[in-house]
Amino acid sequence: NSNRAAVSHLRRRLYGRLYPVLLVKTDGTTRLRYGEPKRILTLPLDSSALPEAERKARLRRQFPTKPKTVAEETFEGIDLDAYKKFWKK
């Protein structure tokens, strides 16, 4: 009863405070009460229900390819005498 809380502390790990949160489902949105204050929750998408093309497109976005390495410039074909006027002596 309510007198127990006044005499000693409650021995609970989780308390009854729940926060209103917007849950986004694949078919629409629903409000629910959640233990942490968050604005929006999204459920993970079931990739087995997706068409093959959309599933592959999602995987490509999730795991992008590595960028290609750019070849470094070399100074072998440069005539250094043409830039001699810019050097300080």
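The values are calculated or read from the model by the stated rules, or taken from the named source; none is laboratory data. Predicted, not measured: the structure shown is a model, and the values here were computed from it. Ideal geometry is used to build each Cβ from the backbone, glycine not excepted, and the neighbour counts take in all protein chains shown. Each accessible area value is taken on the protein alone, full model and side chains, heavy atoms only, with ligands, DNA and RNA left out. Shrake-Rupley method; radii C 1.70, N 1.55, O 1.52, S 1.80 Å.
Output the qualifying pairs, or none if there are none: Cβ atoms under 9 angstrom, residues six or more apart or on different chains, first residue in region 17-45 and free of Cβ contacts under 8 Å to residues at least 24 places away in the same chain and under 19 Å from Arg58 (Cβ atoms), second residue of a type in the set (Asp, Glu) and in a loop (DSSP other than H, G, I, E, B).
Thr26/Asp46
So which of Ala57, Ala6, Ala53 is at pLDDT 85 or above, loosely packed, with under 10 Cβ neighbours inside 10 Å and of a type in the set (A, V, I, L, M)?
Numbers: Ala57 fails: loosely packed, with under 10 Cβ neighbours inside 10 Å; Ala6 fails: at pLDDT 85 or above.
Answer to the selection: Ala53.
Which one is modelled with the lowest pLDDT, of the residues in region 66-83 that are assigned to a loop (DSSP other than H, G, I, E, B) and small (Gly, Ala, Ser)?
Looking only at region 66-83, we keep the residues that are assigned to a loop (DSSP other than H, G, I, E, B), and these are 66-79.
Applying the additional criterion that residues be small (Gly, Ala, Ser) yields 71, 77.
Details: Ala71: 83, Gly77: 80.
Looking at residues that are assigned to a loop (DSSP other than H, G, I, E, B) and small (Gly, Ala, Ser), I get Gly77.
Here are some conditions: (1) within 20 Å of the chain's Cα centre (by Cα); (2) modelled with pLDDT of 80 or more. Pro44 meets all but one. Which one does it not meet?
All conditions pass for Pro44, except number (2).
Output the number of residues of region 36-50 satisfying the condition of being within 22 Å of Val21 (Cα to Cα), open to solvent by less than 80 Å² (accessible area, probe 1.4 Å) and either outside any loop (DSSP other than H, G, I, E, B) or not hydrophobic (A, V, I, L, M, F, W, C) (or both).
1
Identify, please: which residue in region 15-29 is in a strand (DSSP E or B) and open to solvent by 60 Å² or more (accessible area, probe 1.4 Å) and is, among those, nearest to Leu50 (Cα to Cα)?
Looking at the filtered set, the residue picked out is Thr29.
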